[in-house]
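K.L.:
Sharing a structure below in C-alpha cells format, with a few things to ask.
The values are calculated or read from the model by the stated rules, or taken from the named source; none is laboratory data. Values in this document were obtained by computation on a predicted structure and should not be read as measured data. Here the Cβ positions follow ideal geometry from the backbone for every residue, glycine too, while neighbour counts run over all protein chains shown.
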Amino acid sequence: MGAKRYRETPGKDYLAVVVALGRQLNTLAHPQEQINAYCGVLRTICPWLEKVYFLFHEKGEDRPKRVFLCERKSRGLTIVGWQALLQEERDLLEGVLQKGRRRGSKAVRAQAVGGTSGAVSLNIQVAIPLSGGAGSEGWVVFAGAGREKACDEDDLNVVAVCTDMLSASLDRASLFEKVLHAKKEWERTADAIRDVVMIIDREFVVRRGNRRLAELGDVTVEQLQGKKCYALLASQGDVCPSCPAVVTMETGQEAAAEVWFQEREAVFHAWSYPILDPSGNLESVAVYEKDITEYRRMQQQLVHAEKMGVLGQLAAAVAHELNNPLSGVISFSQILLKEMDPGLPYVEDLKNIEHAALRCKKIVEDLLAFARKPEAAPAEPVSLHEVADQALSLLRPKLEAKETRVELDLPASLPKIPIHPDLLHQVLVNLVSNARDAMDAGGLLSLKARQASERGQRYIFLSVRDTGPGIPQRDRERIFEPFFTTKGAGEGTGLGLSICRKLMESLGGSIEVSSSTAKGTTFLLKFPLS
C-alpha cells in the first residue's frame with residue numbers, strides 16, 4: 001500500500017484540499033498548529049472518523065513520549081499523557097505500533113476492535129508512520145466507531161499525501177526551532193558579556209552588537225544596526241584614533257590597541273578580528289572592547305602610593321635631621337628674650353627668629369606625622385562632645401580674632417567612639433583651623449553629629465561645615481594630596497587634610513568633602529563604633 005499511494009492521483013476535489021493544506025502548513029511554525037491544520041483536512045476527507053491519535057516517541061523507546069488526540073465531538077486538539085488513556089486504548093494502540101515495527105515502519109491496515117467492557121469500541125482503520133522532527137518517530141492512527149465505515153483507497157491515498165506533507169512540515173518546524181534556539185542562545189551569550197561585542201562593516205557601520213554597546217550608545221539593541229560604531233562609543237563624527245579595526249581592514253589580520261574616548265573620559269582595550277566571505281575576502285570585522293579605565297586609574301594610584309612612600313621616608317629623614325638644630329635655635333632665642341632688656345631694638349628681631357623657628361618645628365612635626373604609620377591602638381571609648389570642646393578651647397583665641405561664630409549639635413546621648421583621644425583631637429583641630437582660615441570675619445562654623453547604620457555597621461557621622469567661598473572644582477579632587485594647599489605662602493604646609501584622611505582610614509572610617517560657592521564647604525567624617 002505504501003508504494004501504491006504515490007502512483008494514484010487524487011481527484012480534483014482532493015487536489016484542492018491538498019493544495020490548501022500545503023499553503024496553510026507553510027504559514028505555520030508551531031508543530032501543534034500544523035497538526036491542528038492537518039486534523040481540519042481529515043474532517044473534510046473522512047468526516048466519520050471518531051478519533052485521531054498522534055503518537056511520538058524517541059528512537060529506541062517503546063512507549064510514546066507525546067500523545068496528541070483529535071476527537072470529532074470536541075473538534076479540537078488536546079495533549080494527553082500515555083497513562084491518561086484508557087487501558088483498552090493503550091492495548092489497542094500498542095498492538096498497532098508493534099505490528100508497524102514488525103513491518104519496518106510501514107503503513108498498517110487493521111480491523112482491531114477493542115472495548116470488550118463496552119468502555120471503548122473503536123475500529124482502527126489505518127496507522128501511518130509520521131516524522132515528529134528533532135529525531136523523533138511517530139504514528140498517526142485513525143479510529144472510527146465500530147465497523148460501520150472504512151476508508152476507501154482514494155481516501156487513504158489523499159490522507160497518505162497529507163501525512164507526508166505534515167511530516168515534512170514538522171521536520172521543517174523542528175529545524176527552524178533549532179536555528180532560532182541557537183540564535184537566541186548566541187544573543188543571550190553576547191548580551192551577558194559586560195564588554196562591547198560588535199560586528200562592523202568597512203564603513204564602520206554596526207551590523208550587530210550586544211546589550212553593552214547599546215547601553216553605552218544610549219539606544220536599544222534594535223536601534224544599533226545602521227549606526228556608526230564611533231558615534232555610539234565616542235560621540236564623535238570620525239573614526240577613533242588608534243582604532244584597531246582600521247588595521248584589520250587594511251591588512252586582513254587581527255589587531256589590538258588602546259582607544260581613548262575623551263567624551264567619556266574612558267580608556268578601552270580593543271581587539272579586532274577579520275570576518276571573511278567564502279572567497280576569502282574581508283567582509284566585516286568583529287570587535288571586542290574592554291573598559292580598562294578603572295584598571296588604569298588603579299595603576300596610577302599605585303604609582304602615586306609608591307611615590308608617597310618614598311616621599312614619606314625622605315620626609316622622616318629630613319625631619320629628624322632638622323629637629324636638633326631647630327630645638328637649639330628655639331631654646332637660645334627664648335633664653336635671650338628672657339635675659340634681654342625689653343627696650344633694646346633687637347628684641348623684635350629675636351621674636352621673629354623664635355616665631356620662624358617654631359613654624360619650622362610645626363612643619364617638621366607635620367612631616368613626621370605624615371611619614372609615621374598611624375597607630376590603631378591604644379584605643380579607648382572617647383566622648384566626641386568632650387574632645388570637640390577641648391579642640392575649640394584650644395582654637396578659641398583664633399576664632400574670636402575673626403569673630404567666628406560656632407554652632408554645636410553634638411547630642412550627649414551619642415555613644416562613645418573607640419579611638420585614641422589624641423588622634424580625634426588632631427583631626428578636629430585640623431578641620432576647625434581650615435574652616436576658620438577659609439571664612440571671612442563673622443563666618444559660621446557648624447559641628448553636627450548623628451548616629452546611623454550602613455550595611456549592618458553602626459557609625460557616628462560628624463559634619464564640619466563653614467560658610468566660606470567653597471573649594472573650586474579643579475582643587476576639590478586634590479585637597480587630600482600631601483603638600484597641596486590653596487593658602488598663601490607661609491600660611492600652610494598642605495599636610496593637614498592628608499594626615500586627617502590617613503588617620504580616618506586607619507580607623508576603618510572615611511572623610512569626604514562637599515563644597516559649593518553658595519553654601520560653603522562641609523567635611524563629613526564617618527567613625528565606626530566597633
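K.L.:
Taking S121 and the conditions (1) at pLDDT 70 or above; (2) among the small types (G, A, S); (3) surrounded by fewer than 19 Cβ atoms within 10 Å (Cβ to Cβ), which numbered condition does it fall short on, given that it satisfies the others?
P.N.:
Only one criterion in (1) at pLDDT 70 or above; (2) among the small types (G, A, S); (3) surrounded by fewer than 19 Cβ atoms within 10 Å (Cβ to Cβ) is unmet by S121, namely (1).
K.L.:
Taking the stated definitions as given, is I275 closer than 28 Å to A192 by Cβ and touching a residue at least 60 places away in the same chain (Cβ under 8 Å)?
P.N.:
Yes, satisfied.
K.L.:
Return the only residue of S463, S433, S446, S453 being hydroxyl-bearing (S, T, Y) and either within 17 Å of G496 (Cβ to Cβ) or out of contact with any strand residue (DSSP E or B) (no Cβ under 9 Å at 6 or more places or on another chain) (or both).
P.N.:
Unique residue meeting the criteria: S433.
K.L.:
On to the next question. Being assigned to a helix (DSSP H, G or I) and at pLDDT below 70, is that true of even one residue in the stretch 333-352?
P.N.:
Checked the stretch 333-352: no residue is assigned to a helix (DSSP H, G or I) and at pLDDT below 70.
K.L.:
Moving on. I'd like the full set of residues that are surrounded by 17 or more Cβ atoms within 10 Å (Cβ to Cβ) and free of Cβ contacts under 8 Å to residues at least 12 places away in the same chain, limited to the stretch 38-89.
P.N.:
Once the filter is applied, which keeps residues that are surrounded by 17 or more Cβ atoms within 10 Å (Cβ to Cβ) and free of Cβ contacts under 8 Å to residues at least 12 places away in the same chain, the stretch 38-89 yields nothing.
K.L.:
Which residues, counting only those in the stretch 496-530, are surrounded by 15 or more Cβ atoms within 10 Å (Cβ to Cβ), assigned to a strand (DSSP E or B) and of a type in the set (G, A, S)?
P.N.:
Scanning the stretch 496-530 gives S514, S515, G520.
K.L.:
Please enumerate the residues belonging to the stretch 406-424 that are farther than 16 Å from F461 by Cα and surrounded by 13 or more Cβ atoms within 10 Å (Cβ to Cβ).
P.N.:
Listed by number, the residues that qualify are V406, H420, P421, L423.
K.L.:
Hey, E203 hits all of (1) exposed (fewer than 15 other Cβ atoms within 10 Å of the Cβ); (2) under 20 Å from G237 (Cα atoms); (3) in contact with a Phe, Trp or Tyr (Cβ under 9 Å, 6 or more places away or on another chain) but one; which does it fall short on?
P.N.:
Only one criterion is unmet by E203, namely (3).
K.L.:
Could you count how many residues in the stretch 278-301 are part of a helix (DSSP H, G or I), over 21 Å from R194 (Cβ atoms) and either touching a Lys or Arg at 6+ places or on another chain (Cβ under 9 Å) or assigned by TED's automatic domain parsing to the domain that holds E263 (or both)?
P.N.:
The qualifying residues number 0.
K.L.:
Could you tell me which numbered condition G226 fails, if it satisfies all but one of (1) closer than 23 Å to K183 by Cα; (2) modelled with pLDDT of 90 or more; (3) not basic (K, R)?
P.N.:
(2) is the only condition that G226 fails.
K.L.:
If you go through the stretch 191-243, how many residues are in a helix (DSSP H, G or I) and under 15 Å from the mean Cα position of the chain (by Cα)?
P.N.:
The number of residues fulfilling the criteria is 8.
K.L.:
When both residues are 6+ apart or on different chains and their Cβ atoms are under 6 Å apart, which pairs have a first residue that lies in the stretch 184-198 and is touching a residue at least 60 places away in the same chain (Cβ under 8 Å), and a second that is part of a strand (DSSP E or B) and surrounded by 14 or more Cβ atoms within 10 Å (Cβ to Cβ)?
P.N.:
So the pair list comes out as D195/K290; V196/E289; V197/Y288; M198/V206; M198/G209; M198/V287.
K.L.:
Output the residues belonging to the stretch 56-90 that are in contact with a helix residue (DSSP H, G or I) (Cβ under 7 Å, 6 or more places away or on another chain) and within 22 Å of A160 (Cα to Cα).
P.N.:
Of everything in the stretch 56-90, those that are in contact with a helix residue (DSSP H, G or I) (Cβ under 7 Å, 6 or more places away or on another chain) and within 22 Å of A160 (Cα to Cα) turn out to be P64, V67, F68, C70, L77.
K.L.:
Take S413 and tell me if it is over 21 Å from S510 (Cα atoms), free of Cβ contacts under 8 Å to residues at least 12 places away in the same chain, touching a strand residue (DSSP E or B) at 6+ places or on another chain (Cβ under 9 Å) and among the polar types (S, T, N, Q).
P.N.:
yes
K.L.:
Going by the conditions given, is D164 assigned by TED's automatic domain parsing to the domain that holds G22, at pLDDT below 85 and part of a helix (DSSP H, G or I)?
P.N.:
The answer is no for D164.
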